[in-house]
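**Student:** Submitted below is the structure of interest, expressed as structure tokens.
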Amino acid sequence: MGRSVSKVREAKLELYRKKGKIHARAVAGRFNTLRWALVWLTQVVFYGGCWLTWEGNGALRQAVLFDIGREKFHFFGLVLWPQDALLLALALILAATALFLVTALAGRLFCGFACPQTVYTTIFTWVEAKVEGDHLARLELDRSPMSARKLLRKGVKHGLWLLIAAWTAITFVGYFTPIRELLPALAAGDTGPWESFWLIFYALFTYVQAGFAREAMCQHMCPYSRFQGVMFDRNTATVSYDLRRGEPRRARGKAGGGGDCVDCGICVEVCPTGVDIREGLQLGCINCGLCIDACDAVMTRVGTPTGLIRFASERELAGTAPGRRPRLAVYGGLLLAVAALGAWVLSQRSLLQVDVLRDRGALLRETSAGRIENAYTLKLKNLDDAPREFVVEASGVPGLEVVGERSFEVAAGSVRPVSLTLSAPGDTSFSGVRPITFHIAAGDEAARSVQEPSSFILP
Ligand code: SF4
Ligand code: SF4
């Protein structure tokens, strides 16, 4: 028993020295609740999103699907094609700008609450705590020699981690291969080479990142942690220790005298990245707020106002008034501009693409009625998720008209080549090659026609 207590003490010291594996102490409080709310929200969306269906083209299909084989991205009723890459670029710029704005406002909030690395580390750590016990029990287990008990606990933990990682990989691949087709194929051992590769890669990636890399990813590998500092200003609210209020620290765990910090060290014990926030803003801090929860509980216990550790800006901690924030205006303005541009591009995008090819066989033909005819091949590409009828007109030469059929039905998401003849009066005052324009519009959207230039040859 005495040996076990000394081991625990030794283990706690190990934690303070920030050596070895970090086993953070569990903590309750508003930021922990918010963190778990975000874990639930993001994972319900991720694990559930691939199971949603949408009725398109007369049949039920997966609502969110990157159909790489057919070069389509389905997002409920919206179907995006490679030519919509501008929208994807705008969406990425929008997300990056939103991240910059949030970082300028409140530091690494994304890292602490919504980053997949944080979310999966939280889930894996929860499993670890359920199997191996609290942080001290885990430290003790890690240091104990191998035994049947240790082997069993470690085995169960790694088994559960692998199950979560496998399901995460299946879900990920399920956004590229319909999940309702992927699961039977997986059960039959009949997945394609790319699916098999990504299933194995993503499962191992999740297992290693959330089970082993954990905070090392945030501290040493994540590029965002390196350049986030340039988005900060002196008004950015980050998790901070109020030095003026906390120092000098009192004797460990004792009340009375000195500053408000009782040097209990619990803020360090709960930190998932092993940071002592009392040493100031550090690269390893992901702004998760767990040290705030821990310190608030300690302050309440010793009868001192909470907020010794809190979200506070450099100016607030220095007791100076908040200054002007030009970068907030820049990020905010950019965010609005990109959002507006994206909405405009989306509203203007055409669900029809047309290529016009002149017939190479004959340049022109004169009919018995004295009219001049030119032949063309039009490639009509319907980008919609439903069959559509397109009507073709042409202009540029007086009396120019389409001969015969001018309305063509094109199946959903397909290209239909159609042969078309244009005719113009032979007695026109024009001669030679005349520029003309094809106007192609969906039957139900005549006002929004696609214009495609071409030429008409007269004698
Ligand atoms: S939890 Fe609060 S009182 Fe305890 S060491 Fe940290 S800052 Fe000091
Ligand atoms: S110092 Fe506090 S806010 Fe920063 S990572 Fe550690 S617990 Fe989270």
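**Student:** With all protein chains present, how much of the accessible area of region 2-230 (probe radius 1.4 Å) comes from carbon and sulfur, to the nearest whole percent?
**Tutor:** 71 percent
**Student:** Still on this structure, please answer the following. In degrees, nearest 10, range 0 to 90: what is the angle between the Cα axis of helix 326-348 and the longest Cα principal axis of the chain?
**Tutor:** 30 degrees
**Student:** When the helices in the chain are scored as -39500 (n - 2.57) per DSSP H run of 4 or longer and the sum is shared across all residues, what 222 nm value do you end up with, to the nearest 500 deg cm²/dmol?
**Tutor:** -13000 deg cm²/dmol
**Student:** To test your reading of the geometry: what angle, between 0 and 90 degrees and rounded to tens, separates the Cα axis of helix 2-16 from the longest principal axis of the chain?
**Tutor:** 50 degrees
**Student:** Considering the chain, what Rg and Dmax in Å follow from its alpha-carbon atoms?
**Tutor:** So, for the chain, Rg and Dmax equal 32.4, 113 Å respectively.
**Student:** Quick check: net charge around residue 108, other residues with Cβ under 14 Å of its Cβ, Lys/Arg +1 and Asp/Glu -1?
**Tutor:** It works out to a net charge of +1.
**Student:** Here's a follow-up. Per residue, how large is the accessible surface of the chain? Use a 1.4 angstrom probe and give square angstrom.
**Tutor:** That works out to 52 Å² per residue.
**Student:** Out of the total accessible area of region 304-441 (probe 1.4 Å, heavy atoms of protein only), what percent is carbon and sulfur?
**Tutor:** Answer for region 304-441: carbon and sulfur cover 55 percent of the accessible area.
**Student:** Can you list which of the GluC sites (Glu not before Pro) found in region 391-458 are DSSP loop residues with at most 15 other C-beta atoms within 10 Å?
**Tutor:** Those that pass, being in a loop and sparsely packed, are 405, 445.
**Student:** Taking the chain, how many lysine pairs are there with alpha carbons less than 14 Å apart, if each pair must be eight or more places apart or span two chains?
**Tutor:** Lysine pairs meeting both conditions in the chain amount to 4.
**Student:** Running Debye on region 322-439 with equal point scatterers at the Cα sites and no solvent, what base-10 log of I(q)/I(0) appears at q = 0.16, 0.22, 0.23 Å⁻¹?
**Tutor:** Summing over Cα pairs of region 322-439 leads to -0.84, -1.20, -1.26.
**Student:** Go ahead and run the numbers for FRET between residue 431 and residue 66, Cβ-Cβ distance against an R0 of 45 Å, rounding to 0.05.
**Tutor:** For R0 = 45 Å, the calculated efficiency reads 0.30.
**Student:** I need the trypsin sites (Lys or Arg not before Pro) found in region 46-133, filtered to DSSP loop residues with at most 13 other beta carbons within 10 Å of theirs.
**Tutor:** Loop-located and lightly packed - 70.
**Student:** Want the number for residue 353 to residue 143: 0.36 nm per residue separation, take away the alpha-carbon distance, what's left?
**Tutor:** 69.0 nm is the gain from fully extending residue 353 to residue 143.
**Student:** A follow-up question, please. Would you please give the FRET efficiency between residue 43 and residue 401, computed as 1/(1 + (r/R0)^6) with r the Cβ-Cβ distance and R0 = 51 Å, to the nearest 0.05?
**Tutor:** 0.25
The values are calculated or read from the model by the stated rules, or taken from the named source; none is laboratory data. Being a predicted model, the structure only gives us computed values, none of them experimental. For neighbour counting, all protein chains shown are included, and Cβ atoms are generated from backbone atoms with ideal geometry for every residue, glycine included. Note: areas computed on protein heavy atoms with side chains; ligands, DNA, RNA excluded. Shrake-Rupley method; radii C 1.70, N 1.55, O 1.52, S 1.80 Å.
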